[in-house]
């Protein structure tokens, strides 16, 4: 990338420069708070997981956090608007990296999602979420004047469907859904007609019907059996340890047994004795619920609420449509992931393997989320700078 | 280069965009609201329920089997003990779920356990779990130590397989007394609902027959439990609490092992049975059936082939306890009852003389003495001593026409023939005293070829025909005549003790009923029996020649018709004239009572009275019997 960084602060006199270099302090607090909660939850939950290395996951998650924060602060200093020029490269990178997975990925539990890098396992589909937001936002801005046309809407949807299908086929149904949600959110914020949404909704419903009911009936397996099982497990949970419903039961039990103040590190038997599966990744919220009870869960929820509120707020103040769309896409992505992940741990959503942003263990997810937050901070900083410039023009 | 297009500038917050952002915000609000309410419901409203569920997850109660109490004889010699063994069990919810993995596991187990195949293990596990769902299934009860160690060292290869220390019954004396003890078996679902099994949990082994059944309440201990914490894989992570098991109570029997063994030896494996009992209090000193079996094979699950062998007719059905389940005509031993009935019914007095001309003709049928003997004129005492059939035929004939015609039947039943004795063993046979009412009912239903005739009563008077009784019933009847009319309840159990032999509860039984027996009549009968074992011409005089204890006894030879060897009987009361014990012996194919049953009774009596070195002196008795 050789685009000249657009650094607005340099052109402003000191008294007009926004504090914190234009960063949104509340967004920052929310992000740092969530990382802190994540470290506590993962640190306590994984003490016994690797013999002789009680801090294995804690140390790694902390490193991912530090890297993520550094990247966020770095990105915040650049003008995100530059990314519009790079939309083709962004889109190509996204598709290319996901395709790379098919060529080189190592399979974990039957699914190929990760590229083995020397220092960590990189999950292109995670980065792809953000790249999709940028590329689609740029595309929509380009076709801003033809937004009411069916043509525009269908092109956007097709642009999104390509990576989404690739991800679903890895198979990673959850992340694929995130791609679709992002697309919907971008169209929604951009102002696509309600009739288009109604049509898209109809097509989606038909597609779901075909995949879940129609295709199996004629013998075509679109979803792997385990995916169907996971999707339907929350409707019928059982006690069978090898059943999908078992995970849900254990997660709900863990959270419920936390009661008001939690069972503490020692008393959290669901986590410590491994009844709670994936307690540092997908079910990390259940760890919080068990160890710190309603109070702990409420704190984490509040931090997420703060995060999403700031994201929506930044959406309204963005200096241009591209910024507004990017902020809207990121806000929708965060909302969807929070809802689906926490919803899963408390038994009101199916198991989809979507990580909880900033909380779940995993370098790709943490770093990509911070990249997204960096973009939000950039949008915020640019808005402040533009507003300040406007005030100066008016004053002059 | 910079963008300076319209889209580059901040778009005004159009009402449309404001609405859509509001929708997004509203969605977020709803989402957080739903999550918050759900958390409130889970953590605040139903938290305690989930705490219980979480504890239920991690806490396992492991049952620690309590050893059963030992069973000892009257001198404290152990008849039924315990030994520890290792059992391999399967906990179904920890088995691998996939069928192939389960099959592999069963294959590995089958390789390890000799004599068990994969399919056998699977059927076994399946059947046990069908009988008692949610419990564990025993694959093999008594596993050798090297196998146990292998399983323990390779637990990861055997998911769901556990090794448990169990107590198995041991029977140091093998086949001697085998019929008394009975067997243990896992409690059944139906039994769990019964009152007598209160406190028993699924999977426990309880007495299913014999003494083990009758005194199960005392013999079974209280299982202990170990509360342990396990993780999701079922691996033990620590013990939380432990309750020690309490061994069951010791049961002391009235059985004298020496007598029991003497009886077993006297029968020598031939089909038969013996009983030795205290005539005053009903304590059973010996009770046995032959052929016998080694109860140790029942300590663990019995093989079908063994069971078949033990129940086959060709092998003499070793499992059946002939002393209480045998149903035989008693032959002349029944004359005691006929005598008591005739005396008390006023048909004769002890001095009444009847003539025995060798046979009696009734309705065209000739009833003869055995061996074509004739004894001339004789009264009751002599009739008992020489066992004159014709004397008793006449009593049977008279009884048939006196009163309701059931004088003998009434007295037989009063004295305990044809009804359960109430001994503390399950599955006692009732027997049968044939009566006009009984046969006429059968005839009406066309189950027999003819109605009751006086000949039936004549046969009954000497214990032939349709009569069905067992040695224990005869012992009770003889005891009642000897002890002055108390029909006692035989019992094996003497008392319940702690493991050091201190008494906790005496197991006394009262007499079931009293029958009025004139002392003079009793004396006459006993004198007749005494003569039979001591006077010249007595049926068993030869057998008891030289025996230091004075005996009163009666031989019996029951014809079982059509080419089948006669049932041989002997019932003895000793010491005469104030008897303390009754001994009853029977052989299914023994011929004359004096030839087989009486010598066997002598051996038992020798053990009972501690007569040393008597075994060799027993000689063959005279061939004149009945």
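Considering B:266, B:232, the condition of being assigned to a helix (DSSP H, G or I) and either at positive phi or touching a helix residue (DSSP H, G or I) at 6+ places or on another chain (Cβ under 9 Å) (or both) is satisfied by B:266 alone.
Looking at A:234, A:283, A:292 in this structure, which one is within 11 Å of another protein chain (Cβ to nearest Cβ) and either over 30 Å from residue A:59 (Cβ atoms) or at pLDDT 85 or above (or both)?
Of A:234, A:283, A:292, the one residue that is within 11 Å of another protein chain (Cβ to nearest Cβ) and either over 30 Å from residue A:59 (Cβ atoms) or at pLDDT 85 or above (or both) is A:292.
Meeting the requirement of 2 or more residues that are under 30 Å from residue B:284 (Cα atoms), the helices (runs of 4 or more DSSP H) wholly within the range B:111-204 are B:178-181. Among the residues making up the range A:334-349, a single one is out of contact with any helix residue (DSSP H, G or I) (no Cβ under 6 Å at 6 or more places or on another chain) and either at positive phi or without any contact (Cβ under 8 Å) to a residue 12 or more places away in the chain (or both): A:343. Of all residues being in contact (Cβ under 8 Å) with a residue 60 or more places away in the chain and not in a loop (DSSP other than H, G, I, E, B) in the range A:314-324, which is nearest to residue B:21 (Cα to Cα)? Just the residue, please. Filtering first and then ranking leaves A:315. Within the range A:277-300, being within 16 Å of residue B:43 (Cβ to Cβ) and not in a helix (DSSP H, G or I) holds for one residue alone: A:283. Considering the range A:136-157 alone, what residues qualify as being under 17 Å from residue A:93 (Cα atoms) and either touching a helix residue (DSSP H, G or I) at 6+ places or on another chain (Cβ under 6 Å) or more than 14 Å from every other protein chain (Cβ to nearest Cβ) (or both)? Listed by number, the residues that qualify are A:136, A:137, A:138.
The set of residues in the range A:295-316 that are facing another protein chain (nearest Cβ under 8 Å) and closer than 30 Å to residue A:391 by Cβ comprises A:308, A:309, A:312, A:315, A:316. Scanning for something touching a strand residue (DSSP E or B) at 6+ places or on another chain (Cβ under 9 Å) and closer than 16 Å to residue A:366 by Cβ, does the range A:55-69 turn up at least one residue? No - not one qualifying residue is present in the range A:55-69. Restricting attention to the range B:131-150 and to residues that are more than 11 Å from residue B:91 (Cα to Cα) and touching a helix residue (DSSP H, G or I) at 6+ places or on another chain (Cβ under 7 Å), the residue that is modelled with the lowest pLDDT turns out to be B:132.
Summed over the range A:63-97, the residues that are buried (at least 19 other Cβ atoms within 10 Å of the Cβ) and not in a helix (DSSP H, G or I) give a count of 2. Kindly indicate whether any position in the range B:435-451 is modelled with pLDDT of 90 or more and more than 37 Å from the chain's Cα centre (by Cα). Yes, because at least one residue in the range B:435-451 is modelled with pLDDT of 90 or more and more than 37 Å from the chain's Cα centre (by Cα).
Mind listing just one residue for me: the one in the range B:253-263 that is surrounded by 24 or more Cβ atoms within 10 Å (Cβ to Cβ) and in contact with a strand residue (DSSP E or B) (Cβ under 7 Å, 6 or more places away or on another chain) and, of those, farthest from residue B:572 (Cα to Cα)?
B:253
Among the candidates B:42, B:24, B:13, B:17, the residue that is facing chain A (nearest Cβ under 10 Å) and in a loop (DSSP other than H, G, I, E, B) is uniquely B:13.
Would you pick out the residues in the range B:427-466 that are in contact with a helix residue (DSSP H, G or I) (Cβ under 8 Å, 6 or more places away or on another chain), within 30 Å of residue B:319 (Cβ to Cβ) and free of Cβ contacts under 8 Å to residues at least 40 places away in the same chain? B:433, B:434, listed by residue number.
Taken over the range A:175-224, the residue count meeting the criterion of being out of contact with any helix residue (DSSP H, G or I) (no Cβ under 7 Å at 6 or more places or on another chain) and in contact (Cβ under 8 Å) with a residue 60 or more places away in the chain is 3. Enumerate the helices (runs of 4 or more DSSP H) found wholly within the range B:379-467, keeping only those where 1 or more residues are within 24 Å of residue B:491 (Cα to Cα). Ranges flagged: B:407-414. Tell me whether the range A:372-383 contains one or more residues that are under 30 Å from residue A:247 (Cβ atoms), in a helix (DSSP H, G or I) and away from chain B (no Cβ under 12 Å). Yes. Count, please, the residues in the range A:36-62 that happen to be outside any loop (DSSP other than H, G, I, E, B) and within 22 Å of residue A:122 (Cβ to Cβ). Result for the range A:36-62: 10. Within the range B:31-38, can one find any residue that is surrounded by 16 or more Cβ atoms within 10 Å (Cβ to Cβ), at the interface with another protein chain (Cβ under 8 Å from one of its Cβ atoms), closer than 16 Å to residue A:185 by Cβ and at pLDDT 85 or above? Checked the range B:31-38: at least one residue is surrounded by 16 or more Cβ atoms within 10 Å (Cβ to Cβ), at the interface with another protein chain (Cβ under 8 Å from one of its Cβ atoms), closer than 16 Å to residue A:185 by Cβ and at pLDDT 85 or above. Checking A:226, A:179 one by one, the residue that is within 14 Å of chain B (Cβ to nearest Cβ) and either closer than 29 Å to residue A:368 by Cα or surrounded by 14 or more Cβ atoms within 10 Å (Cβ to Cβ) (or both) is A:226 and no other. Residues satisfying the criterion are present in the range A:350-364 (criterion: part of a helix (DSSP H, G or I), at pLDDT below 95 and either over 30 Å from residue A:141 (Cβ atoms) or more than 8 Å from chain B (Cβ to nearest Cβ) (or both)). Residues of the range B:265-283 that are within 22 Å of the chain's Cα centre (by Cα) and surrounded by 24 or more Cβ atoms within 10 Å (Cβ to Cβ): B:267, B:272, B:273, B:274, B:275, B:276, B:277, B:282, B:283.
The set of residues from the range B:363-378 being in contact (Cβ under 8 Å) with a residue 24 or more places away in the chain and in a helix (DSSP H, G or I) comprises B:370, B:371. Taking the condition farther than 22 Å from residue B:295 by Cα and touching a residue at least 12 places away in the same chain (Cβ under 8 Å), does residue B:78 pass? No.
Might you let me know whether the range B:550-563 holds any residue that is in contact with a strand residue (DSSP E or B) (Cβ under 9 Å, 6 or more places away or on another chain), within 30 Å of residue B:210 (Cα to Cα) and surrounded by fewer than 24 Cβ atoms within 10 Å (Cβ to Cβ)?
Yes, the conditions are met somewhere in the range B:550-563.
The set of residues from the range B:84-107 being more than 25 Å from residue B:67 (Cα to Cα) and buried (at least 20 other Cβ atoms within 10 Å of the Cβ) comprises B:105, B:106.
The values are calculated or read from the model by the stated rules, or taken from the named source; none is laboratory data. Model, not experiment: these values are computed from the prediction. Neighbour counts are summed over all protein chains in view; Cβ atoms, including those assigned to glycine, are modelled from backbone coordinates with ideal geometry.
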